[in-house]
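We did not get these values from a lab; they are worked out from the coordinates using the rules stated. On a predicted model such as this, the values are computed, not experimentally measured, just so you know. Virtual Cβ from ideal backbone geometry, glycine too; neighbours counted across all protein chains shown.
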Amino acid sequence: MILEEIKTSLIMWVSYALIPCLFVDGVAVLPAPQNLSMQSTNMKHVLTWSPVIVPEEIIRYSVEYQGEYESLYTSHIWIPSSWCSPTQRPECDITEDITATVSYSLRVRATLGSLTSAWSTLKHRFNQNSTILTPPGMEITMDGFHLLIKLEDLGPHFEFFVFYWRREPGAKEHVKVVRPGVLPVYLETVEPGAAYCVKARTFVKAIGRHSAFSRTECVKVQGEALPLALALLAFVGFVLILVAALLSVWKMGRLLQHSCCPVVMLPDTLKITNSPQKLISCRKEEVEACVTSGLSSEELLKACI
């Protein structure tokens, strides 16, 4: 029991001895955050630091940055981070603040009530060109005989170069560029019984860099290749359908022709069975004879014919 009390007292003494509230000329001073570092992966930039610890107190931190222009021409101007001023966590995602491919200075300070620490500045200036690009995660799926790929969403800065090919000797490698937000992606229609392989890598236009390739994944299409007889049968069926379609078009054309321009049948009384030249070849003597005999007009016409 006595040992436990001694141990507890020792821990409390050490804790209060390490309380980072120092007194300088009788004024309490809050130490600045230490061990600043930048973690940047796939264009996501996070500034971290060692927390300032004060027992039973909540420390808040402010983060500011300065671009290349400000450091050269207005060095006294620092811009507060839009996401981390203030924050209680010993880290700050400054991805939205880093908008240009230039060098940035970053600094952090701690605040406790009316106490404010000095600024701690990142030792080396940060440029997003140094971000680490990792191979993209991907998932290969089949939708019937369609080969699909689903890619990891890495944000608006990323494009994906997808390489795919049929796994056989001398196969041609195809490339498809995929923009962000287009998921899943159709690659091509595959053949039953064949195997296809896919790999991908990212590209960030803002920094002009590629990531390494992802691990190659292969998938085999279920089913067997169509036999030759079935292929021939399909071809014959296609030809028959084509012929039927042409006949239908011809028949429709005939129907339209008869509907628009029908053939008019004349009554038998209006039909001319002999040559018109013959009608006017009646000799004058025959006509006079017909008139003399008193024939009717119909009989006269028949006599002339």
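Once you have a ≥ b ≥ c as the square roots of the Cα gyration tensor eigenvalues for the stretch 138-224, tell me rounded if a/c is under 1.5, and otherwise prolate or oblate according to whether a/b is larger than b/c. Let's see the in-between values first.
Values: a/c = 2.75, a/b = 1.81, b/c = 1.52.
Judged from the Cα gyration tensor, the stretch 138-224 comes out prolate (a/c at least 1.5, a/b above b/c).
Note down the net charge around LEU133, summing +1 for each Lys or Arg and -1 for each Asp or Glu among other residues with Cβ under 14 Å from its Cβ.
Details: positive: LYS44, ARG201, LYS205, ARG209; negative: GLU152, GLU159.
Overall, the nearby charge balance is +2.
Near TYR61, within a Cβ-to-Cβ distance under 10 Å, what is the net charge of the other residues, with Lys and Arg +1 and Asp and Glu -1? Write out the running numbers ahead of the final one.
On the way: positive: ARG60, ARG89, ARG109; negative: GLU91.
Residues close to TYR61 contribute a combined charge of +2.
How much net charge surrounds ARG109 when only the other residues with a Cβ under 12 Å from the Cβ of ARG109 are counted, with Lys and Arg +1 and Asp and Glu -1? Numbers along the way, then the final one.
On the way: positive: ARG60, ARG107; negative: GLU64.
Charge balance near ARG109 sits at +1.
How would you order 210-222, 166-178 from highest to lowest mean count of nearby Cβ atoms within 10 Å? Present the calculation step by step, with values, prior to reporting the outcome.
Details: 210-222: 14.0, 166-178: 11.0.
Highest-to-lowest ranking by the protection proxy: 210-222, 166-178.
Hey, if you put +1 on the Cβ of every Lys and Arg and -1 on every Asp and Glu Cβ in the stretch 116-257, which of GLY155, VAL249, THR216 ends up farthest toward the positive end of that dipole?
Selected residue: GLY155.
Apply the Karplus parameterisation 6.51 cos²θ - 1.76 cosθ + 1.60, with θ equal to phi minus 60°, to every residue of the stretch 167-179 and state each ³J(HN,Hα) to the nearest whole Hz, in sequence, with x for glycine and proline.
7, 6, x, x, 5, 7, 8, 9, 10, 10, 8, 10, 7
With no solvent and one point per C-alpha, what does the Debye sum give as log10 I(q)/I(0) for the stretch 34-130 at q = 0.11, 0.14, 0.17 Å⁻¹?
Debye output, listed in q order: -0.31, -0.49, -0.72.
Cross-link list LYS44/LYS150; LYS172/LYS205; LYS199/LYS220: which exceed 24 angstrom alpha carbon to alpha carbon?
Numbers: LYS44/LYS150 21 Å; LYS172/LYS205 27 Å; LYS199/LYS220 15 Å.
Cα-Cα > 24 Å for LYS172/LYS205; rest within.
Kindly identify the stretch 181-225 as rounded, prolate or oblate by the Cα gyration tensor criterion: order the square roots of the eigenvalues as a ≥ b ≥ c, call it rounded if a/c is under 1.5, otherwise compare a/b with b/c, prolate if a/b is larger, else oblate.
On the way: a/c = 4.53, a/b = 2.36, b/c = 1.92.
Prolate is the answer for the stretch 181-225, as a/c is 1.5 or above and a/b outweighs b/c.
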